[in-house]
Amino acid sequence: MQRQAIAVSRQLSPMPLIRTLWLGALALAFVVVQALMVQARPESLAPLAEQISSSVVNITTSTVIEGRTGPQGIVPEGSPFEDFFREFQDRNGQGDRPRRSSALGSGFVISEDGFIVTNNHVIEGADEITIEFFSGEKLTAELVGTDPNTDIALLKVEAETPLPHVPFGDSDTARVGDWVVAMGNPLGQGFSVSAGIVSARNRALSGSYDDYIQTDAAINRGNSGGPLFNMDGEVIGVNTAILSPNGGSIGIGFSMASNVVTRVVDQLQEFGETRRGWLGVRIQDVTDDIAEAIGLESTTGALVTSVPDGPAKDGGMQDGDVILSFAGVDVADTRGLVRQVGNSPIGETVRVVVFRDGETVTLRVTLGRREEAEGALPAVAAAPDDGPAEAETKDVLGLTLSTLTDELREQLGADADQEGLAVIEVDETSEAFEKGLRAGDIITEAGQQKVDSIGDFEARLVNVKDAGRKSLLLLVRRAGDPRFVALSLPE
């Protein structure tokens with residue numbers, strides 16, 4: 001009877017049932033994951049390619065260039081055949097004749113009345129621009145306007161019927177890992193589609209207004225100016241550049257974000273040129289040591305290194321101010337501020353909050369136009385000659401400093417009225433050398449106060465120490481360009 005009871009109890013044990021249920025749940029989860037993966041990656045991109053291909057165009061440009069003096073491109077320079085080919089060209093009247101050079105690129109139609117977006121470098125300097133559509137039809141395009149800062153150009157063709165076109169999407173919603181499709185004319189091979197994912201966001205290459213989407217979708221020469229699509233068939237980027245050691249795709253391509261492109265295109269359509277806001281300051285990022293030196297709690301904001309004549313100066317901004325907020329938006333760094341100012345309307349009066357002398361100050365600045373400011377030449381006034389002066393030198397914080405004389409100003413290429421202290425030598429084992437100070441630099445401020453003599457500099461050192469600071473903030477100019485550097489004070 002006891003053995004029978006034991007057998008019955010084993011049959012009623014819940015362990016096999018639990019194991020069965022667990023395995024079933026695991027299998028169900030596996031099926032769900034597979035279903036989600038299928039949903040995330042469509043079985044085929046053919047429907048999307050068919051939907052958008054008619055709006056993507058190939059661009060051929062033609063440029064007349066002067067005749068070549070030799071057979072470059074036929075034989076290597078210095079080759080024993082060079083004279084033979086030059087003589088052959090001359091006999092056929094090809095030696096110094098102007099000739100046409102062609103280049104290939106891509107673009108896309110954004111409106112039924114024929115506006116086309118491409119890269120500026122695709123059409124730069126072109127005499128003729130020919131647009132080839134997916135159907136094989138060819139039309140001549142006129143240039144509406146360009147923006148070299150973002151490498152965007154806007155073209156216009158006249159067609160007898162409305163043209164198929166594609167909409168812009170919101171590039172800010174693109175996430176790393178989202179599927180994207182690039183279309184264009186790679187290596188002159190004609191219409192081509194490549195697919196990949198968004199590899200990174202907010203990449204900067206070399207421009208002030210850069211906001212690139214990085215993708216591993218294959219982009220090669222000839223793809224320039226073509227669109228980067230999301231899975232809804234919206235353009236979220238314009239394919240502009242690749243990173244490559246050999247000129248071919250290695251899976252690192254860059255597309256200018258559509259939210260930058262749309263603002264440029266709107267202005268090119270309306271004005272034929274860009275019209276960006278201009279604040280009129282030189283700025284640099286705030287580092288940890290600079291923040292400590294000026295008593296700022298965080299490293300956010302943009303540190304003003306110079307305020308030339310312009311909107312900011314008219315609004316009361318000063319060297320050494322840290323811009324914390326612009327038009328109600330917190331400033332994270334210099335790059336963000338430059339883009340925000342550039343996107344602001346010309347003539348708009350904005351509130352700018354700055355950190356100055358341990359407290360915040362609100363300024364009202366009426367923005368100018370950046371393009372006009374960049375075209376203006378600064379006036380340089382000469383100071384009267386008071387005769388030669390003897391230089392005073394001192395070693396401090398790893399620097400050998402000297403008062404500026406007319407002779408030193410001439411040697412350093414400084415303006416005749418430049419004030420400050422010249423850096424004569426930098427100890428290569430010092431923090432000053434590590435942070436980039438070099439002989440020939442000119443220190444114009446110490447502790448956010450102007451310095452014209454060694455005595456001024458020493459007084460600033462004492463003031464900073466008495467205030468309990470651990471570092472001294474210097475405003476340094478090199479070839480006229482200012483930047484702030486914070487140097488630690490000795491214990």
* To do: Filter the range 171-201 down to residues that are without any contact (Cβ under 8 Å) to a residue 40 or more places away in the chain and under 17 Å from Ala46 (Cβ atoms) and give me whichever is surrounded by the most Cβ atoms within 10 Å (Cβ to Cβ).
  => Ser194
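Considering Val352, Val329, Val341, which residue is farther than 20 Å from Val485 by Cα, of a type in the set (A, V, I, L, M) and surrounded by fewer than 16 Cβ atoms within 10 Å (Cβ to Cβ)?
Unique residue meeting the criteria: Val329.
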* Asked: Does Asn239 count as modelled with pLDDT of 90 or more, surrounded by 19 or more Cβ atoms within 10 Å (Cβ to Cβ) and not assigned by TED's automatic domain parsing to the domain that holds Gly336?
  -> yes
* Which of the residues spanning the range 292-302 are surrounded by fewer than 21 Cβ atoms within 10 Å (Cβ to Cβ) and either free of Cβ contacts under 8 Å to residues at least 40 places away in the same chain or outside the structural domain of Val329 (by TED's automatic domain parsing) (or both)? -> Glu297, Ser298, Thr299, Thr300
* Mind listing just one residue for me: the one in the range 133-148 that is under 13 Å from Gly190 (Cα atoms) and of a type outside the set (S, T, N, Q) and, of those, surrounded by the fewest Cβ atoms within 10 Å (Cβ to Cβ)? => Gly136
* For the range 144-155, how many residues meet the condition of being under 15 Å from Gly105 (Cα atoms) and part of a strand (DSSP E or B)? -> 4
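Would you mind listing the helices (runs of 4 or more DSSP H) fully within the range 255-359 where at least 1 residues are under 30 Å from Val109 (Cα atoms) and out of contact with any helix residue (DSSP H, G or I) (no Cβ under 7 Å at 6 or more places or on another chain)?
Helices (runs of 4 or more DSSP H) meeting the threshold: 258-271, 334-342.
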* To do: Only residues that are surrounded by 14 or more Cβ atoms within 10 Å (Cβ to Cβ), more than 16 Å from Ser402 (Cα to Cα) and among the basic types (Lys, Arg): list them for the range 466-491, please.
  => Arg469, Arg483
* To do: State all residues of the range 448-488 that are out of contact with any Gly (no Cβ under 9 Å at 6 or more places or on another chain), free of Cβ contacts under 8 Å to residues at least 40 places away in the same chain and within 16 Å of Glu292 (Cα to Cα); if no residue qualifies, say none.
  => Lys465, Asp466, Gly468
* Asked: In this structure, is Phe271 at pLDDT below 95 and surrounded by 19 or more Cβ atoms within 10 Å (Cβ to Cβ)?
  -> no
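The values are calculated or read from the model by the stated rules, or taken from the named source; none is laboratory data. What you are looking at is a predicted structure, and each value in this text was computed from that prediction instead of being measured. Cβ coordinates were reconstructed from backbone atoms using ideal geometry, including for glycine residues, and neighbour counts include every protein chain displayed.
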